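Participant: Just dropping this structure here.
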Amino acid sequence: MNLFSETAIEDIREKQAAWEEKELAAALGSRPEEKPAYETECGIPLKRVYTAADIADIPADELGFPGAYPFTRGAYPTMYRGRPWTIRQVAGFGNPEATNQRYKYMIQTGQTGLSTDFDLPTLLGLDSDDPRAFGEVGRVGVAIDTVDDVDRLFDGIDLEKISVSLTINPSAWVVYAMYVAVAERRGYDLHKLAGTLQADPLKEYVAQKEWIYPVRPAVRLLRDLIMYSAKATPKINPISLSGYHLSDVGGNALQEIAFIMAFTIAYCEEVTGAGMDIDDFAPRLSFFFISHQDFFEQICKFRAARRVYAKIMAERFKARKPESMRLRVHVQTAAMSLTKVEHHNNLMRTAIQALGAVLGGCQSMHTNGLDEAFAIPTEEAMKLAIRTQQIIRDEINVTSVIDPLGGSYFIERLTRDMEIEIWKLLNEVDERGGAVKLVEEGWFQQKLADSAYATFQKIDAGEKISVGVNRYVDEASSSAEVHIHPYDEQCTQLQIDRLIAVRAGRDNARVRQLLKELAEQARSDEINLLPKTIEAVKAKATLGEICAALREVWGAYAEPMIV
Amino acid sequence: MDKASMAEQTSGDAPEQDATIGTIRVLVAKLGLDGHDRGAKVVARILRDAGMEVVYTGLYKSPNEVVAAAVQEDVDVIGVSLLSGSHVPLFRELGRCLREEKADHIFVVAGGVIPEQDYAALWDSGVDAIVPQEARAELIVTTIRNLIAARGRV
Amino acid sequence: MTVPMPSRPVKRAAYRPSMELVPEILAGNVTAIARMITRAEAGYAEAAPALAEIYRHTGKAHIVGITGVPGAGKSTLVSSLIRAFASEGHKVGVVAVDPSSPFSGGAILGDRVRMSEAASSSQAFVRSMATRGHLGGLARSTLQAVDVLDAAGYSPIIIETVGVGQDEVEVVTAAHSTVVLSAPGLGDDIQAIKAGILEIADIHAVSKADKPEASATVSALRGMMTLGSERAGSSWTPPVLAVSAVSGERIGELRDAIARHWAHLRESGELAERRRGICRTRILGAAKHLFQRKFDERTGEIAEHIQAVVNRDMDPAGAARLLLGWANEGQAT
């Protein structure tokens, strides 16, 4: 059923033609428009005005209702009226104790869910005493080497009551094992643990570039994690399918959604291929998108993404549960849009991007600190970021109506146009042999690098405006005295000392044995590696030791040459 | 070329192509564990479009590997972009390796996220220029050309 | 916007005379080797006598050409070969050639991405070279780079080129042994015949042996071999090897096949013939280069000849004979 009658549409078209000949022509005659053509950031043409005629072809069912297929209007029937989005600011630096203190501060300030950033050695499966970890321990995130570190990280925090998001990828399955071990140690009911692991390998190879193993073993590890978590920790989202990084590395809105959906398809095929029913794990797939500068494009992106995902689950994977078709998303505002010059402008940018995500519909959000372009945010910056979300949530009355922009001629047209382009990209991936193959070949990487260069050229040429940088440049405003979050020089030594103590105090023969068994299991594709990994972390095997054991079996990833 | 006129030049005027400079070779390198390569890849294209030959190292290289590459490729400049915050120890190690290999005629240009308070440490490590985050293509190209013109051909 | 710089003066460096670099090159000094390659590429007249002197010290190295379509995995393979040869005590030289941009003249040279660790060993020297507008066959400077590595004691010296169409088939004219790498699933078996690559290979390698499609490509190639595909004038039967850089499978065998071919060339006497062929190619290439340079330099005189041909006072062949007359003048460079 269509939204409007034929006669109504005819009428509108006639009236628009008349308006164009009369009022519009007069206005253009006295003053032409500033540009010959207008489009969204991702290249979809924009008309000057939209009417019902522009969406006459869209069936009403494509919109639906919030919390029901195809979920265009929202993931849940009551959205923010039932429960506002979670303010989930990511934090992580130094030793686990330092991050633990920051967590307590943020919970006090009003944060309702925790999110952890890890340091580069941890992300890449290296211990703090590894030579490659030189200069990196505890710098961009918290250093985790053993299960005891995870315990310290969440000291005094009741994990049954607060959900935790762990921004970890190639070593995700190990950190999950440590998290479960800590929960068991504390006597928690594992079924009550709530949270998310990022754990999305394909986007690593093409965007965030954290990797240890070649592509296929990494996908296998994810499969094991999804299947294990579905039974053991059913309230944990074992993956956060991340479009964010696809955008961060240069992708536009269409690539962000199309590529992450291609990866989602690949993972679902992997897990269902291993014998699990789609409805047994899909409800716990979660997403992570960016909220970028083109306000309406981003709002429509969220709506289009929900609709595309619902259709993929229903039509391609034959899911039956509505929960399997519902796209739940965490959002982070666009760090790449922030400038070092006149960094206070970043507050406004972030606020607008946050509003876009709220109107697009999200379940949790991290707003960037105004200093995010050049530092780990200070407490002050984080507080302002939290306040940004609180002001949007509590002062401006945008949460009373669900999907308030739904039904707008422009919004529905743009949502549909973006959806169509996303399907085209997905079909192309299918025709070329699927996401895993294309990741190995470097196809996505080339597309994203091309996009990044195109964006740079537009900014360089002044076509894309960056206020304070290439427009309204004030030579007098140098980068202000910015307080940089101090790096704890002692951090590395403390971690190393702890590693020495752990290795001295544990049953080393048992650890060696467990690692040997784990490597054996890894040679077969059939065995789920989580149980053995949990045993190993409980025996105080370190993150680096576990990851190295599997590197012996699978080898290391070598990136394709794409610039 | 003296400092004053070089500073003027780096404000945006492209110099005459010095006939004795010839083809400029640049090593674009990623040091340490920082996985952000978007900027490095964009710079590689910029330099290529300006007629330079760019040897790109890929991610996760040690200062040792980077210096070995710089020497074998006889590059004029090593460009390193870092967003992980580890620039001070990494550039220090890079400078040390370059001096050890007697290759400190090679310019070192830093980019990425580098706070002003760390500039002094980078100068001490032998860094020759720090490209601001929002620098335009022309500025990057000009900076490199001017450095090489000042040094002369080796 | 200005670019922050330290307050110390910009470093200066002196140009060292090329003849001074020669003994250092012969002693294996990496910086000197690299410097001389740069000068050969730049075509400095000052470097010509040094390069001539270096040439006198060449002829020891086994030159191996490796070619194949983009995406076949050449760089990864070369990286593995460096290790394989180094493990037997060889000093391995690699010259990796990539195309320059026809628009800007610049280039992005990415072969080191896959070779970085192997290349940083003291037993390896890897140099990336752009074609710099040179079309068809290997540039003179590429071969001069090989000379420098040869004189410095590297052997084998691997020339890695992209095999696309007829042009890069020319690597066979510069190398003693040619390895052609095919990748499974790229439709390579068909391309190989089209490009004439089948005839130039002394050794066929099929990459990604860890993938199931590899054995199909190997079979296809072996099938073609029975149609009499030995290189003209050679009694060597090119082997077909599936290799995997990922698992290390058969890299040792490939190394050994390359070594066996070198032994075959020497024992059979074919090496002398190949050497003559290489020198012939290089002389012709050098002559063309010299002529091209004069042609480009003497624009004034050329203009007169062009006008004469335009006016039909002379035909193009006649003008060329005239020019060849003065191509013999002046110093050889």
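Participant: What is the fewest-to-most order of B:Arg45, C:Arg222 by other Cβ atoms lying within 10 Å of their Cβ?
Facilitator: Taking fewest neighbouring Cβ atoms as first place, the list is C:Arg222, B:Arg45.
Participant: Sticking with this one: Taking segment A:270-348, how much of its Cα-Cα pair set, in percent, is spaced more than 18 angstrom apart?
Facilitator: Within segment A:270-348, distances greater than 18 Å cover 53 percent of Cα pairs.
Participant: Measure out, as a whole number of angstrom, how far apart the alpha-carbon centroids of segment A:6-72 and segment B:41-103 sit.
Facilitator: 51 Å
Participant: Could you tell me which GluC sites (Glu not before Pro) in segment A:315-397 are loop residues by DSSP with no more than 13 other beta carbons within 10 angstrom of their beta carbon?
Facilitator: A:Glu395
Participant: Let me ask something additional. Can you give the helix-only mean residue ellipticity at 222 nm for chain C, where every DSSP H stretch with n ≥ 4 adds -39500 (n - 2.57) and the sum goes over all residues, rounded to the nearest 500 deg cm²/dmol?
Facilitator: Per the formula, -15000 deg cm²/dmol.
Participant: May I pose another question? When a/c reaches 1.5 or more, the comparison of a/b and b/c decides; with that in mind, is segment A:133-192 rounded, prolate or oblate per its Cα gyration tensor?
Facilitator: prolate
Participant: Also, quick follow-up: Using alpha-carbon positions, what is the distance between the centroids of segment A:262-277 and segment A:484-535, in Å?
Facilitator: So the separation of the two Cα centres works out to 29 Å.
Participant: By counting other Cβ atoms within 10 Å of each Cβ, how are C:Ser235, A:Ser165 ranked from fewest to most?
Facilitator: Going from least to most buried by this count: C:Ser235, A:Ser165.
Participant: Next question, about the same structure. How are the alpha carbon pair distances in segment B:23-151 distributed across 10 Å bins from zero to the largest one, expressed in percent?
Facilitator: In whole percents, the pair-distance histogram is 13, 51, 34, 2.
Participant: What longest region of chain C stays clear of chymotrypsin sites (Phe, Trp or Tyr not before Pro) that DSSP places outside H, G, I, E and B and that have at most 13 other Cβ atoms within 10 Å?
Facilitator: C:104-333
Participant: Still on this structure, I have one more. Mind checking the dipole of the protein assembly as shown: about its Cα centre, +1 per Lys or Arg Cβ, -1 per Asp or Glu Cβ, Debye to the nearest 20?
Facilitator: Its charge dipole is roughly 1360 debye.
Participant: Now for a different question. Putting +1 on Lys and Arg Cβ atoms and -1 on Asp and Glu Cβ atoms, find which of C:Ala130, C:Ile200, C:Val243 reaches farthest to the positive end of the dipole of chain C.
Facilitator: C:Ala130
Participant: Can I ask one more? Volume per residue, Å³, of the convex hull around the alpha-carbon atoms of chain A?
Facilitator: Hull volume over Cα atoms, normalised by residue count, gives 161 Å³.
Participant: What percent does the relative contact order of segment B:23-151 come to when contacts are Cα pairs within less than 8 Å and at least six residues apart?
Facilitator: Result for segment B:23-151 is 26 percent.
Participant: Return one number: the angle in degrees, 0 to 90 and rounded to the nearest 10, between the long axis of the Cα atoms of helix A:6-19 and the longest principal axis of the Cα atoms of chain A.
Facilitator: So the inclination is approximately 70 degrees.
Participant: I'd like the trypsin sites (Lys or Arg not before Pro) in segment C:16-111 restricted to DSSP loop residues with at most 14 other Cβ atoms within 10 Å, sorted by number.
Facilitator: Here the trypsin sites (Lys or Arg not before Pro) that fit, given the DSSP loop and packing criteria, are C:Lys60.
Participant: Given q = 0.04, 0.10 Å⁻¹, what are the Debye log10 I(q)/I(0) values for the protein assembly as shown, with equal point scatterers placed on the Cα positions and solvent ignored?
Facilitator: -0.23, -1.32
Participant: Something else now. Quick one: 3J(HN,Hα) in Hz for segment A:136-144, Karplus 6.51/-1.76/1.60 with θ = phi - 60°, rounded, Gly and Pro as x.
Facilitator: Per-residue couplings from phi come out as 10, 5, x, 7, 8, x, 7, 8, 10 Hz.
Participant: Using a ≥ b ≥ c from the Cα gyration tensor of segment A:377-451 (square roots of the eigenvalues), is it rounded, prolate or oblate, where a/c under 1.5 gives rounded and otherwise the larger of a/b and b/c decides, a/b for prolate?
Facilitator: It is oblate, given that a/c is not under 1.5 and a/b is not larger than b/c.
Participant: On average, how many beta carbons from a partner chain sit within 10 Å of the beta carbon of a residue in A:463-475?
Facilitator: 1
Participant: How big is the gap, in Å, between the Cα center of segment A:160-184 and the Cα center of segment C:111-126?
Facilitator: Here the answer is 38 Å between Cα centres.
Participant: Among A:Thr7, A:Thr399, which comes first, second and so on when ranked by fewest other beta-carbon atoms within 10 Å?
Facilitator: Listing A:Thr7, A:Thr399 from fewest to most nearby Cβ atoms yields A:Thr7, A:Thr399.
Participant: Here is a further query. Determine the percent antiparallel among the DSSP beta bridges restricted to the protein assembly as shown, to the nearest 5.
Facilitator: Counting DSSP beta bridges with both partners in the protein assembly as shown, the antiparallel share is about 5 percent.
Participant: Moving on to the next point. How about segment C:272-324: which trypsin sites (Lys or Arg not before Pro) there lie in a loop by DSSP and see at most 10 other Cβ atoms within 10 Å?
Facilitator: For trypsin sites (Lys or Arg not before Pro) across segment C:272-324 that sit outside H, G, I, E and B with at most 10 neighbouring Cβ atoms in 10 Å, the list reads C:Arg312.
Participant: So, one more: Can you tell me the orientation of helix A:443-460 relative to chain A, as the angle in degrees between its alpha-carbon axis and the longest Cα principal axis, to the nearest 10?
Facilitator: So the helix axis and the longest Cα principal axis differ by about 60 degrees.
Participant: Stick to the Cα atoms of segment A:1-59, pair each with every other, and give me the Kirkwood hydrodynamic radius in Å at one decimal.
Facilitator: 13.4 Å
Participant: Counting only other chains, and only Cβ atoms inside 10 Å, what mean value do you get across the residues of B:64-71?
Facilitator: For this peptide, the per-residue mean of nearby foreign Cβ atoms is 4.
Participant: Can I ask one more? What number, rounded to the nearest 500 deg cm²/dmol, is the helix-based mean residue ellipticity at 222 nm of chain A, given -39500 (n - 2.57) per DSSP H run of at least four residues and division by all its residues?
Facilitator: Value at 222 nm, helices only: -14500 deg cm²/dmol.
Participant: What are the lysines whose alpha-carbon lies under 16 Å from the alpha-carbon of B:Lys30, with same-chain residues fewer than 8 places away excluded?
Facilitator: Output for B:Lys30: A:Lys209, B:Lys41, B:Lys61.
Participant: On average, how many beta carbons from a partner chain sit within 10 Å of the beta carbon of a residue in A:239-251?
Facilitator: Mean number of neighbouring Cβ atoms from other chains: 1.
Participant: For chain C, how big is the tail of P(r) above 25 Å, as a whole percent of Cα pairs?
Facilitator: Counting every Cα pair in chain C, those more than 25 Å apart make up 57 percent.
Coordinate-derived values only; no laboratory data. All of these numbers come straight from a predicted model, not from anything done at the bench. Cβ: placed from backbone, ideal geometry, glycine included. Neighbour counts: every protein chain shown.
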